[in-house]
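> Dropping the structure in here first, questions after.
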Amino acid sequence: MQQVVLMEPGRFSIREVALPELAPGEARVKIHRVGVCGSDLHAFRGVQPFLDYPRVLGHELSGDVVEIAADAGGVQIGDRVAVEPYLNCGSCRACRLNRPNCCENLQVLGVHCDGGMGEYLTIPARFLHPSGTLSYDQLALVETLGIGAHAVQRGQVASDEWAVVVGVGPIGLGATQFALAEGANVIVVDVNPERLTFIRQFGVEYTINAQEEDVTEAISELTGGELAHVVLDATGNA
């Protein structure tokens, strides 16, 4: 099969590699869509601190299951799937406590190990999520949208609360949508006027340009002095 490899900052190459043998519990996925994340751009520019070269990028993935090991449960050949790219070990203390994001041996596809920018990906079947309704394009967005969904869930955003989303790049867009779905009154804060204009078409009534307004005063005015019940920071800005 062919893979696209980031050999070094700024230089991709195509290589031919043999299909790996399926290990117990694994499935093989024919990749149909690969999203491009900000972390991929950082890798291309040479400023991704967790990545070694050469590396096959790609962690926002969708495809079809084409082969499964005998003991790979949860999927069948022909399933259209989204790929969960956070490969926890399942056996360390954090995993045993059902905190896989804190796995001591966590590997992220396309960062710590080779990702899905190739014809096929071989991966434990437990990281595949089948859907009979979503398209390949939609399934490739599941990982990205899942971050915003998780934030809204963790923040316990509730109906009629004031929720402030700071930063509406792709992750902030998702957080905004899931907060709106919970019935919250969403205020979006950004420094990019084009993003603030863009987000209004998705049902956001309140936007604040942090370069032009005092954010605290603007939020206080909108909320009748209560300020925000929940703040979702999606800027990535320390």
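The values are calculated or read from the model by the stated rules, or taken from the named source; none is laboratory data. This structure is a prediction, so every number in the text was calculated from the model and none was measured. Cβ coordinates were reconstructed from backbone atoms using ideal geometry, including for glycine residues, and neighbour counts include every protein chain displayed. Heavy atoms of the whole protein, side chains included, go into the accessibility calculation; ligands, DNA and RNA do not. Shrake-Rupley method; radii C 1.70, N 1.55, O 1.52, S 1.80 Å.
> 222 nm [θ] for the chain, helices only, -39500 (n - 2.57) per DSSP H run of 4+, per residue, to 500?
One gets -6500 deg cm²/dmol as the mean residue ellipticity at 222 nm.
> Shifting gears a bit: Using DSSP, restrict attention to beta bridges with both residues in the chain and report what percent are antiparallel, rounded to the nearest 5.
Around 65 percent of the beta bridges assigned by DSSP in the chain are antiparallel ones.
> Projected onto the charge dipole of the chain (+1 at Lys/Arg Cβ, -1 at Asp/Glu Cβ, origin at the Cα centre), which of Ile31, Thr235, Leu173 gives the Cα projection farthest towards the positive end?
Most positive-ward Cα: Ile31.
> Which whole-number value in Å² is the accessible area per residue of the stretch 84-238, probe 1.4 Å?
Per-residue value: 55 Å².
> What is the log10 of I(q)/I(0) for the chain, computed with the Debye formula using one identical point scatterer on each Cα and no solvent, at q = 0.08, 0.11, 0.17 Å⁻¹?
Computed log10 I(q)/I(0) values: -0.37, -0.68, -1.24.
> Pop out the carbon and sulfur fraction of the accessible area of the chain as a percent, whole number, probe 1.4 Å.
The computed percentage sits at 50.
> Which of the GluC sites (Glu not before Pro) found in the stretch 169-224 are loop residues per DSSP with 15 or fewer other Cβ atoms within 10 Å of their Cβ?
Filter output for the stretch 169-224: Glu205, Glu212, Glu213.
> Counting other Cβ atoms within 10 Å, which GluC sites (Glu not before Pro) in the stretch 1-64 have at most 14 and lie in a DSSP loop?
In loop regions of the stretch 1-64 (DSSP not H, G, I, E or B), the sparsely surrounded GluC sites (Glu not before Pro) are Glu21.
> I would also like to ask the following. Summing +1 for each Lys or Arg and -1 for each Asp or Glu, what net charge is found among the other residues whose Cβ lies under 10 Å from the Cβ of Leu141?
Around Leu141, the charge tally is -2.
> Could I ask something else about it? Determine the distance separating the Cα centre of the stretch 1-43 from the Cα centre of the stretch 166-214; give it in Å without decimals.
Their Cα centres are 33 Å away from one another.
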